[in-house]
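Q: Dropping the structure in here first, questions after.
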Amino acid sequence: MFWESKMTLSSKILLAMVLGVALGAILNTMSAAEGSFIANLTAWLVNSVFDVVGQIFIASLKLLVVPLVFVSLVCGSSAMGANARMGRMAGKTLGLYLLTTAIAISLGLLFANLINPGLGIDMSSTANYTPQPAPALKDVLINIFPTNPVKAMAEGNMLQVIVFAILMGVAVSHSGEKGKEVLRFFESFNEVVMTMVSLLMHLAPYGVFCLLAKLFSELGLSAILDLAKYFFTVALVLLLHGLGVYTTAFKLLTRLSPWVLLKNVRPAILFAFSTSSSSATMPVTMNVAEKRLGIDNAIASFTVPLGATINMDGTAIMQGVATVFIAQAFNIDISLGGYVAVVLTATLASIGTAGVPGVGLITLALVLQQVGLPVEGIALIIGVDRLLDMMRTAVNVTGDCMVSSVVARSEDLLDETIFYEVSDRDEYENLGS
Ligand code: ASP
């Protein structure tokens, strides 16, 4: 049985993904004969088994997000706050996140203009789309600052939790002996939460299998055929950004092997793909950053949660291609100034995109409005968005890991021994022994 074998955790998750997709696709065809015994059985399997296990899996991941971010970042920022490196590190992180996102959207725009995915599209399906309200950029900024930390945690408002944890961590580092006592507690707490993450990762193959089986049993793949040009343009740019831009930037900025980076990040990529949520994947990304990439907690505790919240390169790529696609479908020209506006707005919109499934499509409305395109155009691409969401979330999370490694390396806080060692073994295998 594969779950008892000597396979690494990543290979088990990968196998579970393939099996989940295959079974989902089979169930999809079986459910076609409505009312038949087979169709009823399929519906029961999907709704009462796969959905239940999948939802529980996602809930257990999300459960860890707030405790992990808060506890870990108090430890991290108290280490940083003591020697005033926090500001420099935060500046580098933000700068790199914004820069990579701007590159991502520009690539999206460029390739969409070369491939022209929207030429000759029929817009008749746009009639029944009601646009959802996108958040105003001003509110996105104001909302970073919490008025009540308990409310911020209860609502899972990540940027607010980050701000509170940083303040607390800096205060801990300035509180002498008393501060050290608090820090010792948080450090132990952090270890415990990290162990919870590792334990949960062992259940991932089952969770991932159920999530994908359910998703693919309901996914109408015929939509992809109709929108093949759009779909493959987004997929191509995602690949190019993930494999080309990230690896080149990483090599240039760290002099470490980008292939080892990708190999080590694999568990987080697989989780991101299966859950379509940077936020739910965050505990795994943190684990990967510290245990597989060798990034010190002082860096990872800040860069990873921040990245899961604001760094969405994959989403920006989709928004760039979608903007050109919709403009072409509606026969509207975007001016040069319009393109600059798209780059700026999409970069900001991706900051305001929560790391949960499908939100990138809602913030796309912001970008479309900015250049005067009809928001109803979103209806054209909604049919293939679920699958693209999985792919772009994988890129979003890879970007978080890449930037975190670059920042850690520049601060001399990346352990090269861990970075190169882990790629050859699976440290989750030893868990609990
Ligand atoms: N699902 C994406 C994420 O969590 C956000 C989006 O593009 O919809 O990273």
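Q: Can you name every residue in region 82-121 that is of a type in the set (G, A, S), over 18 Å from V340 (Cβ atoms), surrounded by fewer than 22 Cβ atoms within 10 Å (Cβ to Cβ) and in contact (Cβ under 8 Å) with a residue 60 or more places away in the chain?
A: Here is the first cut: in region 82-121, the residues of a type in the set (G, A, S) are 82, 84, 87, 90-91, 95, 102, 104, 106, 108, 112, 118, 120.
Now drop any that are not over 18 Å from V340 (Cβ atoms), which leaves 82, 84, 87, 90-91, 95, 118, 120.
The next check asks that each one be surrounded by fewer than 22 Cβ atoms within 10 Å (Cβ to Cβ); those that pass are 82, 84, 87, 90-91, 95, 120.
Matches in region 82-121: A82, A90.
Q: I332 is checked against (1) over 30 Å from V422 (Cβ atoms); (2) within 16 Å of the ligand (Cβ to nearest atom) and fails just one. What number does that condition carry?
A: Failed condition: (2).
Q: If we scan region 277-288, do we find a residue that is hydrophobic (A, V, I, L, M, F, W, C), assigned to a helix (DSSP H, G or I) and within 11 Å of the ligand (Cβ to nearest atom)? Step through it out loud before you land on a result.
A: Step one: list which residues in region 277-288 are hydrophobic (A, V, I, L, M, F, W, C), which gives 280, 282, 284, 286, 288.
With the extra rule that they be assigned to a helix (DSSP H, G or I), the set shrinks to 280, 282, 284, 286, 288.
With within 11 Å of the ligand (Cβ to nearest atom) added as a condition, the list becomes 280, 282.
Scanning region 277-288, I find at least one residue that is hydrophobic (A, V, I, L, M, F, W, C), assigned to a helix (DSSP H, G or I) and within 11 Å of the ligand (Cβ to nearest atom), so the answer is yes.
Q: Sticking with this one: Restricting to region 343-375, count the residues that are within 16 Å of the ligand (Cβ to nearest atom) and in a helix (DSSP H, G or I). Give the derivation first.
A: Step one: filter region 343-375 for residues within 16 Å of the ligand (Cβ to nearest atom), giving 345-368.
The next check asks that each one be in a helix (DSSP H, G or I); those that pass are 345-352, 359-368.
Matching residues across region 343-375 total 18.
Q: What is the residue count in region 312-340 for residues that are farther than 30 Å from S279 by Cα and in contact (Cβ under 8 Å) with a residue 24 or more places away in the chain? Quick ask: steps written out before the conclusion?
A: Of the residues in region 312-340, the ones farther than 30 Å from S279 by Cα are 327-338.
Remaining after also requiring in contact (Cβ under 8 Å) with a residue 24 or more places away in the chain: 327-330, 332, 334, 338.
Result for region 312-340: 7.
Q: Return yes when R386 is surrounded by 19 or more Cβ atoms within 10 Å (Cβ to Cβ), at negative phi and not aliphatic (A, V, I, L, M) and no when it is not. Show your work before the answer.
A: Working: surrounded by 19 or more Cβ atoms within 10 Å (Cβ to Cβ): no; at negative phi: yes; not aliphatic (A, V, I, L, M): yes.
Against the criterion (surrounded by 19 or more Cβ atoms within 10 Å (Cβ to Cβ), at negative phi and not aliphatic (A, V, I, L, M)), R386 does not qualify.
Q: Could you give every pair whose Cβ atoms fall below 7 Å, whose first residue belongs to region 263-288 and is under 23 Å from D385 (Cα atoms), and whose second residue is within 11 Å of the ligand (Cβ to nearest atom) and outside any helix (DSSP H, G or I), counting only separations of at least 6 or pairs across chains?
A: What qualifies is S276/P357; S277/G355; S277/V356; S277/P357; S278/G355; S279/A354; S279/G355; S279/V356.
Q: Consider only pairs whose beta carbons are under 8 Å apart and that are at least six residues apart or on different chains; among these, list those whose first residue lies in region 39-62 and is free of Cβ contacts under 8 Å to residues at least 12 places away in the same chain and whose second residue is outside any helix (DSSP H, G or I).
A: Here the result reads A39/S31; A39/A32; A39/A33, each pair linking region 39-62 to a residue that is outside any helix (DSSP H, G or I).
Q: Which of the residues belonging to region 298-329 are near the ligand (Cβ under 10 Å from one of its atoms) and among the polar types (S, T, N, Q)?
A: Across region 298-329, the qualifying residues are T309, N311, T315, Q319.
Q: Select from region 395-410 the residues that are out of contact with any Asp or Glu (no Cβ under 8 Å at 6 or more places or on another chain) and more than 9 Å from the ligand (Cβ to nearest atom) and list them in ascending order.
A: Once the filter is applied, which keeps residues that are out of contact with any Asp or Glu (no Cβ under 8 Å at 6 or more places or on another chain) and more than 9 Å from the ligand (Cβ to nearest atom), region 395-410 yields T398, D400, C401, M402, V403, S404, S405, V406, V407, R409, S410.
Q: In addition: Determine which member of the set L366, L413 is surrounded by 19 or more Cβ atoms within 10 Å (Cβ to Cβ), at pLDDT 85 or above, of a type outside the set (F, W, Y) and over 16 Å from the mean Cα position of the chain (by Cα).
A: Working: L366 fails: at pLDDT 85 or above.
Exactly one of L366, L413 is surrounded by 19 or more Cβ atoms within 10 Å (Cβ to Cβ), at pLDDT 85 or above, of a type outside the set (F, W, Y) and over 16 Å from the mean Cα position of the chain (by Cα), namely L413.
Q: Filter the helices (runs of 4 or more DSSP H) completely within region 145-251 down to those with at least 1 residues that are in contact (Cβ under 8 Å) with a residue 60 or more places away in the chain, of a type in the set (A, V, I, L, M) and farther than 29 Å from I299 by Cα. Working first, answer last.
A: Working: elements: 149-155, 158-173, 176-218, 222-226, 228-239.
Filter on region 145-251 gives 176-218, 222-226, 228-239.
Q: Let me ask something additional. Quick one: would you say R386 is of a type in the set (K, R) and at pLDDT below 90? Steps first, answer last, please.
A: On the way: of a type in the set (K, R): yes; at pLDDT below 90: yes.
The answer is yes for R386.
Q: Keeping to region 294-321, report how many residues are over 25 Å from L368 (Cβ atoms) and in contact with a Phe, Trp or Tyr (Cβ under 8 Å, 6 or more places away or on another chain).
A: Looking only at that region, the number is 3.
Q: State whether the residues of region 400-411 include one that is of a type outside the set (D, E, K, R) and on the phi > 0 side of the Ramachandran plot.
A: Here is the first cut: in region 400-411, the ones of a type outside the set (D, E, K, R) are 401-408, 410.
Next, from what is left, pick out any that are on the phi > 0 side of the Ramachandran plot: none.
Within region 400-411 (the criterion being of a type outside the set (D, E, K, R) and on the phi > 0 side of the Ramachandran plot), the answer is no, since none of the residues qualifies.
Q: Anything in region 73-94 that is at pLDDT below 80 and among the basic types (K, R)? List them, or say none.
A: So the first thing to find is which residues in region 73-94 are at pLDDT below 80, and the list is 79-86.
Selection gives R85 alone.
Q: Conditions first: (1) in contact with a strand residue (DSSP E or B) (Cβ under 7 Å, 6 or more places away or on another chain); (2) over 12 Å from C401 (Cα atoms). A289 passes all but one, so which condition is the exception?
A: (2)
Q: Tell me the residue from K229, K214, K263, K251 that is in contact with an Asp or Glu (Cβ under 7 Å, 6 or more places away or on another chain) and more than 26 Å from L159 (Cα to Cα), please.
A: Details: K229 fails: in contact with an Asp or Glu (Cβ under 7 Å, 6 or more places away or on another chain); K263 fails: in contact with an Asp or Glu (Cβ under 7 Å, 6 or more places away or on another chain); K251 fails: in contact with an Asp or Glu (Cβ under 7 Å, 6 or more places away or on another chain).
Testing whether each residue is in contact with an Asp or Glu (Cβ under 7 Å, 6 or more places away or on another chain) and more than 26 Å from L159 (Cα to Cα) leaves just K214.
The values are calculated or read from the model by the stated rules, or taken from the named source; none is laboratory data. No experiment lies behind these values; they were computed from the predicted model shown. Positions of Cβ are generated from backbone atoms using ideal geometry, with glycine treated the same way; all protein chains shown enter the neighbour counts.
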